[in-house]
1. Determine the pairs where a residue that is under 14 Å from residue 49 (Cβ atoms), located within region 59-78, has a partner that is in a helix (DSSP H, G or I) and of a type outside the set (Phe, Trp, Tyr) with Cβ atoms under 6 Å apart, the partner being 6 or more residues away or on another chain.
2. So, restricting to strands (runs of 3 or more DSSP E) that lie completely within the chain, which ones have at least 2 residues that are modelled with pLDDT under 90, charged (D, E, K, R) and surrounded by 10 or more Cβ atoms within 10 Å (Cβ to Cβ)?
3. Restricting to region 1-56, count the residues that are over 19 Å from residue 72 (Cβ atoms) and in contact with an Asp or Glu (Cβ under 9 Å, 6 or more places away or on another chain).
Amino acid sequence: MKAFTFWNPDKPYEEVDVLVDIPLEFEEIEREKVVVEARGIRIPLASINHLIKMKEIAGREQDKADIEALKKIKRLMEDG
């Protein structure tokens, strides 16, 4: 998986990854995408399920920690 990460040097926790080579089919990601709006711009994002899949495939130590965090977020969203 190849990605470019853009981050705010004033707020390092604010970052965006732009994936250019992904291990999943685009059509699969497109079907389940989430669209957010920021400052009048609509931005399509991969779903939490797909982020988890991509991180499982990558398998780095950081990805393992990210998977746990994403699963917690998913549970919170499902619980409302």
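1. Partner pairs satisfying both residue conditions: 66/55; 67/52; 67/55; 70/48; 70/51; 70/52; 74/48.
2. So the answer is 11-21.
3. Residues in region 1-56 being over 19 Å from residue 72 (Cβ atoms) and in contact with an Asp or Glu (Cβ under 9 Å, 6 or more places away or on another chain): 10 in total.
The values are calculated or read from the model by the stated rules, or taken from the named source; none is laboratory data. Here the structure is a predicted model, which means the values were calculated and not measured. Cβ coordinates were reconstructed from backbone atoms using ideal geometry, including for glycine residues, and neighbour counts include every protein chain displayed.
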